[in-house]
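Structure, as structure tokens:
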Amino acid sequence: MKIRTALAAVSCLGFFALSVTAQEAAGDWIGRLDSGFKVRIHLEKKGRGYSAQVINQSGNATQLDDVNLEGGRLNFASSRLGLSYNGVWDETKNSWIGVLSLQGDHSLTLRKAGPDDLKPAVFSRPQEDAISAGPLPYDQKNVTFSSVSGVTLAGTLTMPRGKGPFPGVVLISGTGRNSRDEDVAGHKWFLVLADSLARQGYAVLRYDKRGVSGSTGDFAAATTADFAADAEMAFNYLSRQPALDASDIGLLGHSEGGIIAPFVAASNRKVAFVIMVAGPGIRGDQLFDLQKKAISRAYGAPEDYIARRSDFDRQMYALIRNTPAGQNPRPLVEKLVERGVAEKLIDAEEAKGLAAGATSAWERYFASYDPAPALGKLTVPVLALNGTKDLQVPSKENLAAIRAALKPDADAAIVEMPGLNHLLQHAGAGTPDEYYAIPETISDEALKAIGDWLALHRH
């Protein structure tokens with residue numbers, strides 16, 4: 001018997017109560033699909049009706065539409081996610097018994113969440129635990145150095161033991177308020193990477209982004225160009241350290257850091273090498289579009305929605321890119337967002353900050369930035385590394401663009417690693433939700449690939 005038919009039959013037999021009170025309904029409801037995937041729904045009473053959100057593992061919420069709760073039945077849908085739910089109240093189980101439609105029909109029982117259900121999940125981090133346990137074959141110290149406009153950056157300098165001179169690497173983090181360890185989804189990405197490099201004899205400098213943790217400056221007002229200026233000051237600081245070989249110091253950037261590294265190296269001829277990990281190779285607005293398509297498909301959104309949302313995003317970024325530098329595109333974007341909400345392309349929660357975020361100084365700059373010109377100027381060794389399951393910087397399109405831009409560079413290596421995501425972890429679907437639950441911070445294969453390439457290019 002099909003799931004929907006079975007549910008209808010049970011409902012007709014009268015096993016379900018005819019109503020559930022507003023007090024009982026409001027709050028968080030959780031359930032699991034047969035695949036083991038956890039579903040969390042938050043219901044709120046709104047006037048005579050209800051609103052609902054689906055909350056993913058990282059705590060991000062997507063507003064649902066068409067929420068209906070009456071007569072012992074719960075129905076909701078999201079045109080954005082391409083899902084719907086139809087359930088009936090089981091008084092004996094104090095649960096909704098129903099069917100979730102998302103790329104097929106799935107049985108889903110939703111029960112009221114208790115305090116333990118809402119506690120943040122705790123996942124093991126074996127690589128980080130091993131570093132904490134020690135002993136470590138290198139030394140670390142906290143440092144500060146100056147950047148432009150009076151900004152002081154704070155970081156950690158990791159030094160191999162011995163006489164030297166040592167080669168060196170500056171680590172440049174990706175988008176967001178990242179500390180020196182590049183804390184992403186509960187992982188200390190740069191901590192593990194710095195440990196690996198230091199064990200191979202490299203001095204490593206990693207630092208808090210401006211306006212974050214120990215660094216001064218205004219993070220919110222900064223663009224990629226400002227972060228590139230900071231990265232160059234970090235490079236200059238490391239180059240002045242007496243135990244280092246100033247001719248063998250390079251830049252390693254992750255994600256947005258992967259375009260900052262060549263940005264700096266294109267004009268600073270003292271940079272000895274560049275490593276781009278999950279670095280973009282295409283213009284920012286094109287990357288945003290590609291990223292949203294890939295992630296939406298992984299979450300099961302309908303192709304019709306993906307196409308319509310892509311058209312909306314292209315219009316939005318065209319408005320932003322074509323607005324003269326002295327003018328604010330926000331009023332035009334706000335009107336476009338209003339239309340997107342009316343057409344159910346954008347949910348109410350996303351709409352609240354979409355126009356402000358899209359027209360921020362950082363996003364205006366990034367959306368218009370094309371990495372190709374800087375890449376084309378590089379003559380030093382370059383490693384561009386990405387995973388096939390990276391949905392944030394999809395490997396196929398970005399590595400192809402990097403390869404094309406680096407053609408004049410005789411010593412450029414393009415490496416695509418099967419099964420790895422944006423953090424170079426072994427992944428399932430590759431969605432950002434998975435980052436938290438994966439124990440490894442960076443796969444051993446990726447660390448080895450970086451180390452082997454560096455060994456071949458060591459002076």
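Where a number appears in this text, it was derived from the coordinates with a stated rule and is not lab data. Note that this is a predicted model, so its numbers are computed, not measured. FYI the Cβ positions are ideal-geometry reconstructions off the backbone, even for glycines, and counts take in every protein chain you see.
Some notes on this structure:
- Three-way shape call for segment 212-321 based on the alpha-carbon gyration tensor, with the a/c threshold at 1.5: prolate
- Total charge dipole magnitude, the chain, about the Cα centre, Cβ charges on Lys, Arg, Asp, Glu only, Debye to nearest 20: 340 debye
- The loop-placed trypsin sites (Lys or Arg not before Pro) in segment 241-334, going by DSSP, that have at most 10 neighbouring Cβ atoms within 10 Å of their Cβ come out as Arg269.
- Note on Lys389: lysines with a C-alpha under 24 Å away, same-chain residues under 8 apart excluded, are Lys38, Lys188, Lys292, Lys293, Lys448.
- Note on the chain: helix-only mean residue ellipticity at 222 nm, from DSSP H runs of 4+ residues weighted -39500 (n - 2.57) and normalised by residue number, equals -10500 deg cm²/dmol.
- At most 15 other Cβ within 10 Å, DSSP loop - trypsin sites (Lys or Arg not before Pro), segment 145-248: Arg161, Lys163, Arg177, Arg240
- Counted charge near Ala356, where neighbours are those whose Cβ lies closer than 10 Å (Asp, Glu -1; Lys, Arg +1): 0
- Straight Cα distances below 16 angstrom link Lys344 to the aspartates and glutamates Asp65, Asp66, Glu303, Asp304, Asp311, Asp313, Glu334, with same-chain residues fewer than 8 positions distant left out.
- Relative contact order, whole percent, for the chain stands at 13, derived from Cα pairs under 8 Å and 6 or more residues apart.
- Helix runs (DSSP H) in the chain reaching 20 Å along axis by Cα, Kyte-Doolittle at least 1.6: none
- Sorting Ser267, Ser368 from the fewest to the most surrounding beta carbons within 10 angstrom yields Ser267, Ser368.
- Net charge of neighbours whose Cβ lies under 12 Å from the Cβ of Ala246, counting Lys and Arg as +1 and Asp and Glu as -1: 0
- Ranking of Ile131, Ile259, Ile172, Ile346 by neighbouring Cβ atoms within 10 Å, starting from the fewest: Ile131, Ile346, Ile259, Ile172.
- The local environment of Asn142, defined by Cβ-Cβ distances under 15 Å, has a net charge of 0 under the rule Lys, Arg +1 and Asp, Glu -1.
- Those aspartates and glutamates that a straight Cα-Cα span of less than 16 Å connects to Lys209, excepting residues fewer than 8 apart in one chain: Asp181, Glu182, Asp183, Asp218, Asp226, Asp230, Glu232, Glu256
- Amide H within-cut-off set for Met417, under 5 Å, with H built and near neighbours excluded: Asn386, Gly387, Thr388
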